[in-house]
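The values are calculated or read from the model by the stated rules, or taken from the named source; none is laboratory data. As the structure is a prediction and not an experimental result, all values here were calculated from the model. Reconstructed Cβ throughout: ideal geometry from the backbone, glycine too, with neighbour counts over all protein chains shown.
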Amino acid sequence: MKKFIKFSVSLIAVAAMAFVLSPTVNAINFGKLKSAVTNATKSGDLKDLKDKALNEAYKAGTKMSVTIESIPQSVEEFQALQEKLGKDPKGAVALEVVAIEMYRQLGKEIGTECIKLCNTDLNVGSVTSRIKELFRENDSYARPYQMAAFMKGASPENGYNPDKPYVIEMFPDRTTKPQRNSDGTTELFFQIISHGHDVGSQRVYVVKPNGSEYYLVDNCPGLYSQVKKIAYGQEFNGL
C-alpha cells in the first residue's frame, strides 16, 4: 500500500508539469511526456523522472511560440499574465521580453518590479543595468525597439513593427541539453528567435527554483545585446 501511494504521488508530480495553458500557448507533447513517464517507472528510476520527462517533452530544435495579446500596463496585470504563462519554461522566456518592454514603456519602478518577478535574484541586476542604456532617449545607441525585435513579423526594414497579436518564437538549444544544478534544479536552455541579430537567435537560460511556483530566467545577455539599427526612413510605432 505504501509503495502504491508513493508511486501515485510521483505520477501526480509529473502530471503537474503538463499544466493546462492558455489556448495561445503551445502545449507540451503529452504523448511524449507519457512515454517518458512510462519508461522511467518501468525501469524503477523515479528519482530523475522529472528531468527525463522534461528532456523528452522539450526535444532540441522543436519550434515553440507564445502569443501575447498586449503589453501589461501595471505590475498586477503582469502578475496575471505570469499566472497564465509562468508555469511553463517557454512562458518564462516570453515574460522576460514583456517585462523588459514594460521597463521601456512604464519606467524604471514598474519595469524593475516586473523583472524581479520573472528573473532569479542574480540575473535582475544584469538586466536592469543594461537596458537603461538601451532605452535612453535621444541617444544614437538607444534601441527602443529592442524587444520588438524578438516578435514575429518585425525587422529593421519595417521599423521593427511586429504582427499583432505579438508572437514570440523559440526552440530548445540544439547544442546544450538540460543540466542538473547543484541545488537539484534543472537548467533549461532556449534560443529565442531574433529578427535584429545576424545570428538569428539568442540564448535564454530558464530554471524553476526550489519552492518557486514559476519558471524564471537565470541568464539572458542576448536579449539586451544591441539589435541592428532601424532602417533609414522607417519609424518604430511602439508596442
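Would you check which residues across region 70-94 are closer than 23 Å to residue 131 by Cβ, in contact (Cβ under 8 Å) with a residue 60 or more places away in the chain and of a type outside the set (Ser, Thr, Tyr) and list them?
Selection gives 71, 82, 85, 86, 89, 90, 91, 92, 93, 94.
Applying the selection to region 107-145, what residues are touching a residue at least 12 places away in the same chain (Cβ under 8 Å) and farther than 26 Å from residue 209 by Cβ?
134, 135, 141, 143, 144, 145, listed by residue number.
Checking residue 160 against (1) of a type outside the set (Asp, Glu); (2) touching a Leu at 6+ places or on another chain (Cβ under 8 Å); (3) closer than 20 Å to residue 204 by Cβ; (4) modelled with pLDDT of 95 or more, which single condition isn't satisfied?
(2)
Counting only residues that are farther than 23 Å from residue 125 by Cα and among the β-branched types (Val, Ile, Thr), how many does region 176-228 have?
Count: 3.
Output yes when any residue across region 160-179 is assigned to a loop (DSSP other than H, G, I, E, B), crowded, with 21+ Cβ neighbours inside 10 Å and either among the hydroxyl-bearing types (Ser, Thr, Tyr) or touching a residue at least 24 places away in the same chain (Cβ under 8 Å) (or both), and no when none is.
Yes, region 160-179 has at least one match.
Can you name every residue in region 121-136 that is surrounded by 17 or more Cβ atoms within 10 Å (Cβ to Cβ) and part of a loop (DSSP other than H, G, I, E, B)?
135
May I ask you to verify whether residue 139 is at pLDDT 95 or above and in a loop (DSSP other than H, G, I, E, B)?
No: the conditions fail for residue 139.
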